[in-house]
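Visitor: Structure in structure tokens, see below.
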Amino acid sequence: MKQKKLIIFMPSIEIGGVEKNLFIISNFLGTKLKNTTLITASKSFNSKFKNLKIINPAVNIENISSRRLKYFFCLIELIKILIKDKNHLLLAFQANLYCTIICKILNIKIIIRSNSSPSGWKLNYFRKKLFQFFLKLPNKIIVNSNEFKKEYKDKFNINTLCIYNPLNKNNIVNYSKEKTKYNFFEKFKHLKIVFIGRLVDQKDPITFIKALKIIKDKINFKAIIIGNGKYYAELKKYTINHKLQKNVKFLGFQKNPYKFLRLSDLLVLTSKYEGLPNVLLEALTLKKFVISSNCKTGPKEILDNGKGGILFNIGNHNDLAKKMIYYSNNIKINKKKINHAYRRLNRFDYNKNLNLYLKIILKEMKFEK
């Protein structure tokens, strides 16, 4: 009797929520399953993984911006392994359609983990039909929110499994205790706001900065923006042009954003689409109030339709400004929402959700002669 071996496929590792979950899930599976392999082009992250065999393409393409090129070279490595030994199960975090086609040709079982809502996909008629066909082929599709699951059903008539992101509350609390010499918030007794995320179109930081311009003359606040991305220079220029420099500071990427989050009152998320945004779970773990866009998918589910925070209309900086002013004027009333959201975090229990991954993978592996 021979058990299948697991391959985890993630060609391009960047910095974000998807990667946090990749590290957590992969390391857990590596401790539970022998002969687990990770294929990635991102060599600089190799040290983040434990108990895994890591395969990087022979050609060093880590610093190339093209994801497709990384997919291509990692897919070659995948094909080489599977042709040599078909006794594998694939767990794909990226390049899901390409992986599915390869696995079906070679008669290999595949589980794909979909990371962001189909609302963010560019789906013309042809692409939608293509997705409807190929997304029926994997053995299992895992998504990370029930709203996400419903979208797959509504858009593609495909059933998926929902496993919430595993939330390690102890780690977040411990990291938040790290001292910081940055004193922008120190002794400031009014509203302290944090934005954490890549400064790219999906996260829509433009809406955040425009809302800050509106509230500047209405409430006393300071805001920290943590993250890098293509809008960094544009956002800094906006703060100068609208005389927001005293109110807004840019910290770039931070390995430990929790120590800044701990010092804040409010976290704002302005995304156009998500899967299940980790940053909301992290803020609630530290009992910080959340105002989030009502984007698909995740925020509404995490915040219990507004019982655990405040939702605003996607891309509407006027609505966001109004909600921030409301929160600032009603902090004590809104504390009940923080407590509600914190109690509901048990849905995202670390061990419970990791063991769901293991259960599904073991079921698909089975033992074969």
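Visitor: Residues in the range 2-13: is at least one over 22 Å from Leu137 (Cα atoms), surrounded by 19 or more Cβ atoms within 10 Å (Cβ to Cβ) and within 18 Å of the chain's Cα centre (by Cα)?
Guide: Yes, some residue in the range 2-13 is over 22 Å from Leu137 (Cα atoms), surrounded by 19 or more Cβ atoms within 10 Å (Cβ to Cβ) and within 18 Å of the chain's Cα centre (by Cα).
Visitor: Being crowded, with 16+ Cβ neighbours inside 10 Å and at negative phi narrows it down to one residue among Phe289, Phe253; which is it?
Guide: After applying the criteria, what remains is Phe289.
Visitor: Further, regarding this structure: Taking Ile240 as the residue in question, decide whether it is of a type in the set (A, V, I, L, M, F, W, C), modelled with pLDDT of 95 or more and open to solvent by 40 Å² or more (accessible area, probe 1.4 Å).
Guide: yes
Visitor: Ok, one more. Answer yes or no: is there a residue in the range 15-23 that is aromatic (Phe, Trp, Tyr), out of contact with any Lys or Arg (no Cβ under 9 Å at 6 or more places or on another chain), in contact (Cβ under 8 Å) with a residue 24 or more places away in the chain and open to solvent by less than 80 Å² (accessible area, probe 1.4 Å).
Guide: No, every residue in the range 15-23 fails to be aromatic (Phe, Trp, Tyr), out of contact with any Lys or Arg (no Cβ under 9 Å at 6 or more places or on another chain), in contact (Cβ under 8 Å) with a residue 24 or more places away in the chain and open to solvent by less than 80 Å² (accessible area, probe 1.4 Å).
Visitor: Hey, can you tell me all the residues within the range 124-139 that are buried (at least 16 other Cβ atoms within 10 Å of the Cβ) and within 22 Å of Ser12 (Cβ to Cβ)?
Guide: Matches in the range 124-139: Phe131, Phe134, Leu135, Pro138.
Visitor: Scan the range 353-362 and tell me whether some residue there is polar (S, T, N, Q) and either out of contact with any strand residue (DSSP E or B) (no Cβ under 9 Å at 6 or more places or on another chain) or within 30 Å of Phe188 (Cα to Cα) (or both).
Guide: Yes, the range 353-362 contains a residue that is polar (S, T, N, Q) and either out of contact with any strand residue (DSSP E or B) (no Cβ under 9 Å at 6 or more places or on another chain) or within 30 Å of Phe188 (Cα to Cα) (or both).
Visitor: Would you call Val279 open to solvent by less than 10 Å² (accessible area, probe 1.4 Å), touching a helix residue (DSSP H, G or I) at 6+ places or on another chain (Cβ under 8 Å) and within 28 Å of Phe93 (Cβ to Cβ)?
Guide: Against the criterion (open to solvent by less than 10 Å² (accessible area, probe 1.4 Å), touching a helix residue (DSSP H, G or I) at 6+ places or on another chain (Cβ under 8 Å) and within 28 Å of Phe93 (Cβ to Cβ)), Val279 does not qualify.
Visitor: For residues that are in contact (Cβ under 8 Å) with a residue 24 or more places away in the chain and basic (Lys, Arg), scanning just the range 336-351, find the one that is nearest to Thr285 (Cα to Cα).
Guide: It comes out as Arg344.
Visitor: Right, next: Scan the range 84-123 for residues that are out of contact with any Asp or Glu (no Cβ under 9 Å at 6 or more places or on another chain) and polar (S, T, N, Q) and report the count.
Guide: 6
The values are calculated or read from the model by the stated rules, or taken from the named source; none is laboratory data. Given the structure is predicted, the values throughout are model-derived calculations rather than measurements. Note: ideal-geometry Cβ built from the backbone for every residue, glycine included; neighbour counts use all protein chains shown. Accessible surface areas use protein heavy atoms only, side chains included; no ligands, DNA or RNA. Shrake-Rupley method; radii C 1.70, N 1.55, O 1.52, S 1.80 Å.
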